Each structure stands twice: as structure tokens, then as C-alpha cells.
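Q: The structure's right below; bear with me while I get my questions together.
The values are calculated or read from the model by the stated rules, or taken from the named source; none is laboratory data. These numbers come from a predicted model, not from an experiment. Cβ sites come from the backbone with ideal geometry, for glycine too, and all protein chains shown count toward neighbours. Accessible surface is based on the protein model in full, side chains and every heavy atom, while ligands, DNA and RNA are left aside. Shrake-Rupley method; radii C 1.70, N 1.55, O 1.52, S 1.80 Å.
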Amino acid sequence: GEWKFDENGGTQVIDSSGNGHSGAVTGTATWSSDTPFGTGYSFSFDGSTYMNVGILPTITNGSFTYTAWVKTAATGIRTIIGGTASGFPQFRVEDTSNYISIIKECITAPGQSTKGVPVNTWTFVAARYDSVAGVFTYYINGASVTSITSSLSFIPGSSATIGQNSFCNGERFVGNID
């Protein structure tokens with residue numbers, strides 16, 4: 001899916017990829033003109049708002065890449081893409097250094113990036129999993145910052161969420177995502 005957050009109103013976010021993963025907002029929908037490029041809109045997450053975008057089958061069937069522009073308002077565990085069940089690969093910013101990571105079943109696995117995301121600064125983050133090589137690679141602002149070999153497998157069937165990890169006590173995002 002691809003969510004641009006340019007709706008600027010309502011309680012739905014549109015999947016512009018054409019794959020039909022538009023999402024329903026839970027909580028107060030707040031769009032912001034604060035964006036990485038100064039045009040369009042981002043979505044402002046207040047720690048209680050998130051969106052459910054349905055089951056993303058390609059994520060659990062092999063290689064995948066997550067990308068997002070984020071502007072965290074604080075350090076801590078902040079889920080960018082989460083899930084509603086165990087075994088879904090969840091993408092988050094975590095700990096006091098705002099490292100990026102993919103987790104499975106509420107634990108950091110295979111590991112964190114070695115560089116963190118600055119607070120209150122728009123940052124492009126990405127995580128790529130190559131299922132053939134068994135390698136996770138984390139990127140910050142386009143630069144590879146960490147590669148980790150791991151043989152994790154993920155379980156299909158969980159709905160994806162933006163801004164919350166429903167399975168691990170919420171772990172909601174605070175800040176903006178674009």
C-alpha cells in the first residue's frame with residue numbers, strides 16, 4: 001500500500017497504490033500542513049489515533065520494504081506500521097535513541113539500526129527484508145545504516161495498522177507520518 005495522507009479531512013486514508021488498502025482512522029483524524037517538502041499534508045498522530053489498512057499479503061509471503069517520512073515528537077516506542085496479531089513484521093522507532101527496527105511478537109528481532117532518528121525533524125526511514133538472503137537492512141535518509149542476517153519467518157493473516165501495534169500494548173506513534 002501507499003498512503004500519502006493528502007486527504008486533509010474525513011476519517012479515511014486512501015491507498016494510492018491501487019491495491020485497495022484504504023484505511024479507517026480510529027481516534028481524532030488530524031492532518032497537518034507540516035510535511036517534509038512543504039506541500040500536501042501529513043497525518044498527525046497524538047498517541048491515541050491509528051488506522052487499520054487491512055491484510056497486506058505480500059508482507060508475509062517473502063521479501064518486503066517499508067518506507068515512511070516520520071517526524072517523532074518524542075523518544076520511546078513509536079510504531080509506524082504495526083499489526084493486529086502475533087507474527088506480523090512491525091516497523092517502529094524505539095528506545096531513547098529512536099533506533100528503527102522490525103519486530104516480531106513484541107520483541108526486537110532481528111535487531112535495531114545503529115543510528116537513531118532525531119526528534120522533531122523530518123526523517124526518511126526504510127526497512128528492507130530480503131527473504132532469499134535472510135537479510136534485514138535499515139536506512140535513514142537514504143543511507144544504509146545497518147544490515148543484519150536473520151532467518152525469521154512471518155505469519156500471514158494479520159491486519160496492518162499505521163501508527164499502532166495492536167498486538168503489543170498499543171505502542172502508538174506520537175508525531176507526524178507522511
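Q: With a 1.4 Å probe and every protein chain left in place, work out the accessible area per residue of the stretch 1-60 in Å², rounded to a whole number.
A: Ligands and nucleic acids excluded, the result is 50 Å² per residue.
Q: For the chain, give the percent of accessible area contributed by carbon and sulfur heavy atoms, probe 1.4 Å, rounded to a whole number.
A: Roughly 49 percent of what the probe reaches on the chain is carbon or sulfur.
Q: Pull out the extension gain between residue 8 and residue 32, defined as 0.36 nm times the separation in residues minus the alpha carbon to alpha carbon distance; nm, one decimal.
A: 7.9 nm
Q: Can I ask one more? Kirkwood Rh, Cα Rg: Rg to Rh for the stretch 1-81?
A: We get a ratio of 0.95 for the stretch 1-81.
Q: What number comes out for the charge environment of residue 149, summing +1 per Lys or Arg and -1 per Asp or Glu over other residues with Cβ under 15 Å away?
A: Local charge sum for residue 149: 0.
Q: Using a basic spin-label model with each label point 7 Å from the Cα along Cα→Cβ, how many nm lie between residue 19 and residue 85?
A: 1.8
Q: Continuing with the same structure: Bin by bin, in steps of 10 Å, what percent of the Cα pairs in the chain do you find, going until the bin that has the longest distance?
A: Pairs per bin, as whole percents: 11, 42, 39, 9, 0.
Q: Relative contact order of the stretch 97-178, please, whole-number percent, based on alpha carbon pairs below 8 angstrom and at least 6 residues apart.
A: Answer for the stretch 97-178 is 22 percent.
Q: Using the basic label-point model (7 angstrom from Cα toward the beta carbon), what is the residue 73 to residue 135 distance in nanometres?
A: Distance between the two pseudo-spin positions: 3.8 nm.
Q: Output the relative contact order of the stretch 1-132, whole-number percent, from Cα pairs under 8 angstrom with separation of 6+ residues.
A: Here the relative contact order equals 19 percent.
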